[in-house]
Every structure is written in structure tokens, then in C-alpha cells.
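To start, the structure itself, in C-alpha cells.
The values are calculated or read from the model by the stated rules, or taken from the named source; none is laboratory data. All of these numbers come straight from a predicted model, not from anything done at the bench. Note that we place each Cβ from the backbone using ideal geometry, even for glycine, and neighbour counts take in every protein chain shown.
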Amino acid sequence: MKILFEQDILQENAHQAELNKSAFGDTLVINIIGSPGCGKTTLLEKTIDALAGELNIGIIEGDIYTAKDADRISHHQVPVIQCNTAGGCHLSAEIIAKATAELNAGALDILIIENVGNLVCPAEFDLGEDHKVAVLSVVEGDDKPAKYPLLFQEAGMIIINKCDFLELTNFNMDSAIADLRGLNENAPIIQMAAYKDDGLEPWFQWLRDEVKSKRNRADA
Ligand SMILES: Nc1nc2c(ncn2[C@@H]2O[C@H](COP(=O)(O)OP(=O)(O)O)[C@@H](O)[C@H]2O)c(=O)[nH]1
Ligand SMILES: [Mg+2]
Ligand SMILES: [Zn+2]
């Protein structure tokens, strides 16, 4: 019975995700997933500061209870919607449908969604996004991709953050990258220290390129 119930929820979610996809139009939609504290909100703040002059950016902040991350984003002069899951450990396509209606998402170049901090079920719930972006920070340990494979398999982009801590930890970059490549042959892997503004340019360029290719796909 439990398995059937879970399948129903996932099927319903997949159906709503398809509806979201058409509501997004030619807006690039990015779903950022990673553990609590890996640097997702920091990455968003840096991205807005770098790209808001050239692209219309909107943000959806997913969190269990508070509006702390949306408060941080609201200092950066882009539209932001807070979604609280009231205990839920992931965002669903239904929550995103409500938030995008409020945000007028079709008018944006990029909509970035910060999912609830969790390496497990956010990867199972499609929101209708173009890409999941997996964020792993070096302080979590190099074994996490192998232990939580689904997110890293599904990701269209993988960010290894907090590389300024590399020398203070036993994180083995070669082993992490070998595990990531075993799970995902194609996603770009970018090493950065977002808080230190170090190594972000390839991420910004990837976003610019993805905005263009989404527009081209939509025009075709
Ligand atoms: N040293 C260092 N700290 C970082 C980096 N990125 C984020 N942080 C810090 O890590 C903590 C959690 O970051 P936050 O963006 O809130 O993570 P989130 O929970 O994934 O949204 C904050 O204190 C950030 O300042 C980084 O690249 N290097
Ligand atoms: Mg956050
Ligand atoms: Zn969940």
C-alpha cells in the first residue's frame, strides 16, 4: 500500500510538472538542490549581483518554516517568493505552480528555485525545471555523491563549493570527481568558493548560454 501511495504522489507531481513546463514558456528554470549549509543562498546572492544587470532574474525560496533566505534575497532587488513547506522536506510541482503564478515567471529570463536543504527527495520531485543543479560543499565529505547518487545522476550541472576549505579537510577531489563521473558523464563540474567570489565565472557563463539555448528552443 505504501508503495502505491508513493507512486500516486510522484505521478500527480509529474503531471503538474508538465503543466509548469508550458507555463514557464521560454524562461530558463533552474532547481538548486544540496544539503543545508552547502552554500545555495550564497550562490544565488552572488549570481544576482553578477547577472541582474543583463538578465531578468526571479527567485523562489523553498524552506521548511522561515523566510530567512527570502529576506537575504530581498536585499538584492529582484522579485522573490518564499514557499514554506510546513515540515515538508522538498518542493512539489504544485507549490511551484502557485509561486510562479504570483511571480509572473513568463516575463523572466531565469527563474532560480532554491529547494529545501536535503540531498534525497528533492531529486525525486520534478518541478518542471530545465536543469537540476547539485551543490556539494567540501566540508560534507567526498563520499556524499556515492551515498546520495540520484541527485548527482539527475543534475545538469554540479557545483563543488567551499573549495577554500580544501586544505582543512580530508576531501579528496580526485575521488569525488571520479564518483561523480561514474554517476553522470555529461554534467559540467565547477569547483568554486562562492562566499569568496572565487571560481564563479564558469557558472555565470553556463547560465548565459542556457538562457540563449532555451530561447532558441522556444523559437524553433
Ligand atoms: N568558507 C566558505 N563559506 C561559505 C561558502 N559558501 C557559503 N558559505 C557559508 O556557508 C554558510 C551557509 O551558506 P548558505 O548560503 O546559507 O547555505 P544554504 O543553506 O545551502 O543556502 C554561510 O555562513 C555562508 O557564508 C564558501 O564558498 N566558502
Ligand atoms: Mg539557503
Ligand atoms: Zn521530501
Review point. Exactly one of (1) surrounded by fewer than 22 Cβ atoms within 10 Å (Cβ to Cβ); (2) away from ligand 3 (no atom under 16 Å from the Cβ); (3) within 14 Å of GLU129 (Cα to Cα); (4) not acidic (Asp, Glu) is unmet by GLN16. Its number?
Key: (2)
Practice item. State yes or no: is SER175 of a type in the set (S, T, N, Q) and either away from ligand 2 (no atom under 16 Å from the Cβ) or at positive phi (or both)? Key: yes
**Study point:** Residue identified as out of contact with any strand residue (DSSP E or B) (no Cβ under 6 Å at 6 or more places or on another chain), within 16 Å of ligand 2 (Cβ to nearest atom) and over 23 Å from GLN82 (Cβ atoms) among GLU140, GLU185
**Key:** GLU140
Practice item. Might you check whether a residue that is within 14 Å of ligand 1 (Cβ to nearest atom), closer than 14 Å to ASN115 by Cα and modelled with pLDDT under 95 occurs anywhere in region 52-63? Key: yes
Check your understanding: Within region 28-60, can you find the residues that are surrounded by fewer than 23 Cβ atoms within 10 Å (Cβ to Cβ) and either assigned to a helix (DSSP H, G or I) or of a type in the set (S, T, N, Q) (or both)?
Key -> SER35, THR41, THR42, GLU45, LYS46, ILE48, ASP49, ALA50, LEU51, ASN56
Review point. Restricted to region 182-199, and to residues that are assigned to a helix (DSSP H, G or I) and either surrounded by fewer than 15 Cβ atoms within 10 Å (Cβ to Cβ) or aromatic (Phe, Trp, Tyr) (or both), which residue is nearest to ligand 1 (Cβ to nearest atom)?
Key: TYR195
Review point. What are the residue pairs meeting all of these: first residue in region 61-82, first residue at positive phi, second residue away from ligand 3 (no atom under 16 Å from the Cβ) and not in a strand (DSSP E or B), Cβ atoms under 7 Å, and 6 or more apart or on different chains?
Key: GLN77/ALA52
